[in-house]
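Notes for the one structure printed next.
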Amino acid sequence: MSISNCQQAIAHGIAMVPEDRKKDGIVPVMAVGKNITLAALNQFTGAMSSLDDAAEQHCIQQSIQRLKIKTSSPELAIGRLSGGNQQKAILARCLLLNPRILILDEPTRGIDIGRSMKFIN
């Protein structure tokens with residue numbers, strides 16, 4: 001198997017939480033919710049390739065609740081969240097893909113020790 005980009009990895013059932021979340025994991029000025037659904041937008045595509053906004057918003061709310069992402073709103077820029085909550089959002093994005101293989105590359109890098117333990121658990 002040869003994988004040279006993210007789309008190919010996703011097609012093979014592989015997702016990854018990158019080591020450097022700021023450089024490789026988030027789009028800082030984009031909303032928390034949009035960062036979560038970014039890799040799975042095809043799951044929310046309806047007739048004529050239109051986006052099913054209600055389904056996407058429902059999925060965003062479920063992800064935020066399930067992973068206990070602390071944000072005042074899914075519309076808040078993800079760059080304004082704490083490092084731990086940014087990591088949870090990246091993990092939520094990966095989990096939406098239902099990967100067969102999930103790679104966690106230094107998933108607690110840049111997070112304080114207390115939050116690191118919660119993230120690991």
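The values are calculated or read from the model by the stated rules, or taken from the named source; none is laboratory data. As the structure is a computational prediction, the values presented were derived from the model and not from experiment. All Cβ positions, glycine included, derive from the backbone under ideal geometry; neighbour counts span all protein chains shown.
Below are the figures for this structure:
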item	result
Members of region 48-105 that are in contact (Cβ under 8 Å) with a residue 12 or more places away in the chain, within 19 Å of Ile26 (Cβ to Cβ) and basic (Lys, Arg)	Arg66, Lys68, Lys70, Lys88, Arg93
Of all residues making up region 61-93, the number that are assigned to a helix (DSSP H, G or I) and closer than 24 Å to Asp20 by Cβ	16
Count of region 21-54 residues which are surrounded by 12 or more Cβ atoms within 10 Å (Cβ to Cβ) and assigned to a loop (DSSP other than H, G, I, E, B)	5
Residue satisfying all of: in region 49-102; touching a Gly at 6+ places or on another chain (Cβ under 8 Å) and of a type in the set (D, E, K, R); farthest from Gly33 (Cα to Cα) among these	Arg100
Condition met for Val17 (surrounded by 13 or more Cβ atoms within 10 Å (Cβ to Cβ) and within 18 Å of Leu104 (Cα to Cα))	yes
Test for Cys59: is it modelled with pLDDT of 95 or more and out of contact with any Ser or Thr (no Cβ under 7 Å at 6 or more places or on another chain)	no
Hits in region 1-19 (condition: under 19 Å from Ala92 (Cβ atoms) and either β-branched (Val, Ile, Thr) or touching a helix residue (DSSP H, G or I) at 6+ places or on another chain (Cβ under 6 Å) (or both))	Ile10, Ile14, Ala15, Val17, Pro18
Which numbered condition Glu19 misses (of (1) over 25 Å from His58 (Cβ atoms); (2) without any contact (Cβ under 8 Å) to a residue 12 or more places away in the chain)	(2)
Options Gln57, Gln7; residue that is in a helix (DSSP H, G or I) and loosely packed, with under 12 Cβ neighbours inside 10 Å	Gln7
